[in-house]
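Each value in this text was obtained by applying a stated rule to the coordinates, not by laboratory testing. What you are looking at is a predicted structure, and each value in this text was computed from that prediction instead of being measured. Heads up, the Cβs are rebuilt from the backbone with ideal geometry, glycines too, and the neighbour counts pull from every protein chain shown.
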Amino acid sequence: MDRIKACIALVPLLGLVSCGQPQAPQQDESQPTAAPTPATNAGAEPVTPPERPPATEGNSAGDAAPPRLTPEAERGVEGARNVLLSFASAIERKDYGQARAMLGPADQQKWSEATFAAMFAKLSRPTVAIPTGTMEGAAGSIYYTAPVTITGSDEAGRPVRIEGEAVLRRVNDVDGATPAQLRWHFATLTLD
């Protein structure tokens, strides 16, 4: 009985303790709610997401394309990473033709369309990880090298892991270079 009296005596105290706490406003659930807006710092420019390229034929997922970059960023690490992100996105969407088309001529000869697609075709939900790589220059060209890991499960549910390395290349703003040479492109891809 004493415990009940003690609990009853605490109820008004609990009400007093919560009086000093800010309360979340009650929303009328019959009214639609607005999406939250990001907080901004006073005087700071609002951050807008980078512009994405439109969907192209054979790529209905325009959102999967990496963001467009400034010309300066396109020449640096960000440009190389965009090529790798496009490749990873194509593999994850199971668009193996697009992924293979990004490879250099030697790798396209090494893997026919059927052989390249067969490496991944039986993977359920392939996931591509391409951690940050390294950049180095040599004789008028810049190279970006990054490890590539593709994981998924086979038809029996067993984990599958394919590892390799991607080497991208671009000509380092040499006079007379073609636009294609000035863009990042696959030099080599190894997958085991």
For ASP154 and GLU136, extending 7 Å from Cα along the Cα-Cβ vector and measuring point to point gives, in nm, a value of 3.6
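Classify region 70-123 as rounded, prolate or oblate from the Cα gyration tensor: take a ≥ b ≥ c as the square roots of its eigenvalues, call it rounded if a/c is under 1.5, otherwise prolate when a/b beats b/c and oblate if not. Each step should come with its number before you reach the end.
Details: a/c = 3.78, a/b = 1.84, b/c = 2.05.
In terms of gyration-tensor shape, oblate.
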SER124 and VAL171 label points (each 7 Å along its Cα→Cβ direction) are spaced in nm at 4.8
Low-density loop GluC sites (Glu not before Pro), region 105-192, at most 11 other Cβ within 10 Å, DSSP non-H/G/I/E/B, are GLU155
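At a Förster distance of 25 Å, what's the computed FRET efficiency of THR190 paired with LYS94, Cβ-Cβ distance as r, to 0.05? Don't jump to the answer; show the numbers that get you there.
Numbers: r = 21 Å, r/R0 = 0.85.
After rounding, the FRET efficiency stands at 0.75.
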Measuring from its Cα centre, region 63-191 shows a charge dipole (+1 at each Lys and Arg Cβ, -1 at each Asp and Glu Cβ) which, in debye to the nearest 20, is 280
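Tally Lys and Arg at +1 and Asp and Glu at -1 over the other residues with C-beta under 10 Å from the C-beta of VAL148: what net charge comes out? Don't jump to the answer; show the numbers that get you there.
On the way: positive: none; negative: GLU163, GLU165.
Net of charged neighbours comes to -2.
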Projected onto their principal axes, the Cα atoms of region 63-191 stretch, largest extent first, over whole-Å spans of 54, 28, 24
